[in-house]
1. Using a Förster radius of 30 Å, what is the FRET efficiency between Asp103 and Asn83 based on their Cβ-Cβ separation? Nearest 0.05, please.
2. Working out 0.36 nm times the residue gap between Lys112 and Glu92, then minus their Cα-Cα distance, what length gain in nm do you get to one decimal?
3. Just to be sure I follow: if Rg is taken over the C-alpha atoms of region 59-101 and Rh is the Kirkwood radius over the same atoms, what is Rg/Rh?
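Bear in mind that the values in this text are calculations on the coordinates, not laboratory data. Note that the coordinates shown come from a computational prediction; the quantities given were computed from them, not determined experimentally. Note: ideal-geometry Cβ built from the backbone for every residue, glycine included; neighbour counts use all protein chains shown.
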Amino acid sequence: MTTANTEANDTDATVTNDASTQATAITHATTDTTTTVSEAKAWLTTSDNPYNPFTQWDDWYNYDVSSGYNTCSYLARIVHGSNELSDADEEEAETSAINEIVDLNITGNYVKIYNTQ
């Protein structure tokens with residue numbers, strides 16, 4: 001079971017291409033595969049979101065979108081990625097984008113959390 005260094009319940013969540021197009025772009029899901037958010041090492045969230053994106057993906061995503069943050073879309077716009085990058089290079093691009101968003105922190109509430117498996 002994965003956990004994050006934020007308060008949350010231990011409920012597994014899975015992202016599929018059909019469930020959330022925004023999230024699949026960020027978590028490397030391909031047309032025929034399913035990728036769990038819990039595979040990510042770090043994730044971008046907002047300080048007011050009570051859900052753990054590693055273990056409560058659906059609740060986290062619904063809260064994020066209903067609050068108007070659209071964090072996955074924001075992150076996708078900042079990531080300088082490509083389908084031609086290796087998984088390691090894509091992960092590095094995502095990490096750099098997360099760090100950039102947290103460093104600029106235009107809204108003042110973005111935080112980077114870590115998956116502590």
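1. Values: r = 27 Å, r/R0 = 0.89.
That gives a FRET efficiency of 0.65.
2. Numbers: separation 20, 0.36 × 20 = 7.20 nm, distance 1.44 nm.
Full extension from Lys112 to Glu92 adds 5.8 nm.
3. Radius of gyration relative to Kirkwood radius: 1.06.
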